[in-house]
Every structure is written in structure tokens, then in C-alpha cells.
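Enquirer: Encoded as C-alpha cells, here's the structure I'll be asking about.
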Amino acid sequence: MSTQIVRPARSFQGSLVIPGDKSISHRYAMLAGLAEGTSRLSNFSSGADPHSTLGCMEALGAKVVKTGAGPGSTIEVTGVGGAFHQPVEALDCGNSGSTMRMLAGLIAAHPHRFTLVGDHSLTMRPMERIRGPLSQMGARINLVDGHAPMTIEGGPLHAIDFTTPIPSAQVKTAVLFAGLQAEGTTRLTEAIRTRDHTEHALKAFGATLTRTASDPEKPATLAIAGGQKLKAVDATVPGDISSAAFFLCAALLFEDSNLVLDSIGMNPTRASLLDVITALGGKINVLTVEERHGELIGSIQVNRAEASAIPSGPFEISGALTTQVIDELPVLATIAPYTRGGLTIRDARELRVKESDRIALVVRNLRAMGAEVTERPDGMEIPGGQRLHGASIDSGTDHRIAMAFAIAALRAEGETEICGAEAAAISFPEFFASLDSLAQR
Ligand code: S3P
């Protein structure tokens, strides 16, 4: 386990191109693996998780060629043309819940026996949410007490009408991927809209799907007909807004901060983060926006707002907003003590079953830094206007916890030690180097 020392900063300045989005990289890799032809995926995520997905695609018969190293690299995936191979060994999903859950839907219609395994953290995470709908479609899936290892006896699937009981883009994706290969038309209704990268990615690879309800606040039903074939594409992965979040939050901590982030994903189902940053005292300027394969990509400038423009009461994240910023909640919580009005997080029970129990771990580590925070079953309350001190932080081997507390450390008194800092590589291997280039000391 590696430890990283983070010293306080004087200011936060500079510009950065954010590496490719983890969620979109997973989807492009999976659909390219199934499609016919060679897809070129540029700015593919450098994180370990999407590379777990690429490893699984290779094990299933796709050819994966990496051109160039590090951020911005292009991955060429030659797909299996609709027919995955019987893998020789278990499919190793590493730390990646997205890989295990979405892959289950992608492979369930193929006439092979699959075993999906993961690391300790992934083995603790709930998988029944996937087994339920896929079993209704005719897949034979076995779990151990609701968890991985997962075995799938693949075979013909039939369409279902399914309402997601929890807002989860991974569950939605698993059902849509299975529906693409099932007999009949699968319909999926979600009461709270989750990130819609799967919908855009399926269309990019040539599939047709429809969505009822144009009002994003209303429950919508997605319909996808089975038996559709996918065609390879050349696509660019937008920068990861969840990685950008760490630096957006850091920019709130200093009066004279000035940050420009280029090529970041601004998909409306993810970009509510920018509204939260504004509500907590940031000033955001959108410099450019363009669309590629249905995804918005933009450049933004962030500064801290004038003190008089920053709300003095606590800001509340709850309901649909919680779903939209679910991955950014740890870092929003770690900067909350430094904000003027503080932060209340509700309806975030899902945080307890992420790569770690993110509510418990955020609360414990914030308290280690001297913060006052109240833990709730579904969130927390963090008063603003606090001063924190450096401490020894336990990442719990969770990438977002490691990075979130490195940001809190920038305004703390004294040094902070992040134990298990290597976890950052799951989504953002360049994180600590980028942090050093932006933090002025
Ligand atoms: C993801 C969906 C979310 C999110 C995860 C990535 C995705 O998980 O927390 O990091 O790419 O679809 P859930 O589907 O479990 O909410």
C-alpha cells in the first residue's frame, strides 16, 4: 500500500486536459467488443477499471490494440461480430462494478459458461440487482449470497418490461445490453433518470432505441428491439467530469483560484455537478461546447465567486440531484467544511455499497481532520466555516476517497497522509501529478 503526503496550498491555478471518461470508456469498449469491425476509441480512459473491461473483451475473443501510452491514447478494438467466444478462464473484473454488472447483460445471450470474478471490494458489492432482471429474461445466473463470483449459463433471452427499483445506470445498461440480443422488445422504466451514456453509445454503434417522455424530470421508458447488429465506430471519449470534480472543488477553496479544464464531458445527466459547484461558491464560464456521438464535450473556466455572491445557508443535495452527482459526493463532502454555508447530503444510501461504504469512510476521515459532521443512514450534514488539520487518512482502497481527501488536505493546517493512495489509479492514474501541477505552494 502506498502513502502520499499532501501539503497545504496557497492557491490553485492552471489548465488541464482531463483524461477520458470511465463510464463512457466501459460502454465503448463493450460495444466495440461485440460489434463487427474495428473501432478506434481515442482519449480512452487511462484508469484501471476500463482496462479491466478491455481485458474481458480480449478473453471473449475481441482483439485489443493500444496505440501510444498514458492519457489520450487510442485503443483499437476489433469485435467478435456478434458472437463472443467461450473464455478459457474466469473474466476478471478487478475493482470494477461497472464491468461486472454491464458485462453480465452483454454476455448473457451467448451460449457459453462464464464466471465473473473481482477483487475483495467488488466481491462485497450487491449483484442481485443484476441477477433479478437478467433471470427474468431467461439467463441462468448464480451468485454466492448475492455477491460475486457470478456464474452465467448463457443462452437465448426473451424481452421483458422492467422498472428499475433503484436508480442505477449499471442496471439499466445490463438490461439494455441483454435486450439488444433478446427476442422481442425490452422496455425499461426508470423513475429517476440516470446517466444516459449507454443510450448514446448504442446509437453510435448503429442500434435503434426509443425513449418516451421528453421531460427529464418525469419517469421515462426506454424500448430496445432485440436482434440488432452493431457496427464499429471511430469515437472520442470526452474527459471525465467525475475526475474533473476534484479540481473543480479545489478551485472553490482559494480566493484567487483560476482553473481551465479542456475537453470535459458535459452530458446533462452528469453536468449538474457544475450547478452544485456554483451553489457552493464557484463561478463557472463555459468557453466551448460541441457534440460527438450524442455526448457534449466542453471547456470551462472556474473561479471562486465574490464572497457576497456565496449563499450563507447550507446547500442540500437530495432526490434526483443525489443520483446525478453520486460519484462526486465524497469530494463535495470533503470540501464542505470549508464552504460558507455547509452541505447536507440526503437520499444517498447507495453510497454505502460503492467501492467502500463512502458515508462511513468520509465521516470517519473528516472527523480525523477535526471536522464536525453528522452521519445519517442516507447521507450526512456538514456545517460550513470550519478549519481542519492534517491527519492520517484511510482510503479504504477506494479511489474516490483517496482523491477527495487529497483535496481537503490543500486547505488543512499541516500535512495530510493519504494511506492507500495508489487506489487513485482505478479511475485517474495521473491524479497526484496533476494535483501537484495545479496546487501553488
Ligand atoms: C456508473 C453508474 C453509477 C456510478 C458508477 C458508474 C456507470 O453506479 O456510481 O461509478 O458507469 O453506469 P450505479 O449504476 O450503481 O448507480
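The values are calculated or read from the model by the stated rules, or taken from the named source; none is laboratory data. Bear in mind that the values here come from a model prediction, so they are computed numbers and not experimental data. Counting neighbours? That spans all protein chains shown, and the Cβs are built from the backbone with ideal geometry, glycine included. With ligands, DNA and RNA removed, areas are computed over all heavy atoms of the protein, side chains included. Shrake-Rupley method; radii C 1.70, N 1.55, O 1.52, S 1.80 Å.
Enquirer: How far apart, in nm, are the 7 Å Cα→Cβ label points at E413 and R140?
Expert: The modelled label-to-label distance comes out at 6.5 nm.
Enquirer: Would you count, across the stretch 22-236, every pair of lysines whose alpha carbons are under 19 angstrom apart, provided the pair is eight or more residues apart or spans two chains?
Expert: Going through the stretch 22-236 pair by pair, I get 9.
Enquirer: Grab the DSSP H runs of the chain that are 4 residues or longer, score each as -39,500 (n - 2.57), total them, divide by all residues and round the 222 nm result to the nearest 500 deg cm²/dmol.
Expert: Rounded to the nearest 500, the figure is -8500 deg cm²/dmol.
Enquirer: Give me the 1.4 Å probe accessible area per residue for the stretch 22-236, excluding ligands and nucleic acids, in Å².
Expert: Accessible area per residue: 37 Å².
Enquirer: Rounded if a/c is under 1.5, else prolate if a/b beats b/c, else oblate: with a ≥ b ≥ c from the C-alpha gyration tensor eigenvalues square-rooted, which is the stretch 1-136?
Expert: Since a/c reaches 1.5 but b/c is at least a/b, the shape of the stretch 1-136 is classed as oblate.
Enquirer: In square nanometres and to one decimal, what's the mean projected area of the convex hull around the Cα atoms of the chain?
Expert: Averaged projected hull area, Cα only: 18.6 nm².
Enquirer: Please work out how much length the chain gains when fully extended from R441 to D378, using 0.36 nm per residue of separation minus the C-alpha to C-alpha distance, in nm with one decimal.
Expert: 19.0 nm
Enquirer: May I ask you to list the GluC sites (Glu not before Pro) in the stretch 182-283 that are in a DSSP loop and have at most 11 other Cβ atoms within 10 Å of their Cβ?
Expert: Taking the stretch 182-283 and a limit of 11 other Cβ atoms within 10 Å, the loop GluC sites (Glu not before Pro) found are E217, E255.
Enquirer: Sticking with the crude label model, points 7 Å out along Cα→Cβ, report the distance from S318 to K66 in nm, one decimal please.
Expert: Once both label points are built, they end up 4.5 nm from each other.
Enquirer: Measure of size requested: the Rg and Dmax of the stretch 22-236, with Cα atoms as the atom set and Å as the unit; please supply both.
Expert: Expressed in Å, the Cα Rg and Dmax of the stretch 22-236 come to 15.8, 46.
Enquirer: Please give the helix 48-59 orientation as an angle from the longest Cα principal axis of the chain, in degrees from 0 to 90, rounded to the nearest 10.
Expert: So the helix axis and the longest Cα principal axis differ by about 10 degrees.
Enquirer: Using a Gaussian network model of the chain whose springs link C-alpha atoms within less than 10 Å, name the residue from E58, E36, E316 with the highest mean-square fluctuation.
Expert: Ranking E58, E36, E316 by mean-square fluctuation puts E316 first.
Enquirer: Let me ask something additional. At a 1.4 Å probe radius, carbon and sulfur cover how many percent of the accessible area of the chain?
Expert: Roughly 49 percent of what the probe reaches on the chain is carbon or sulfur.
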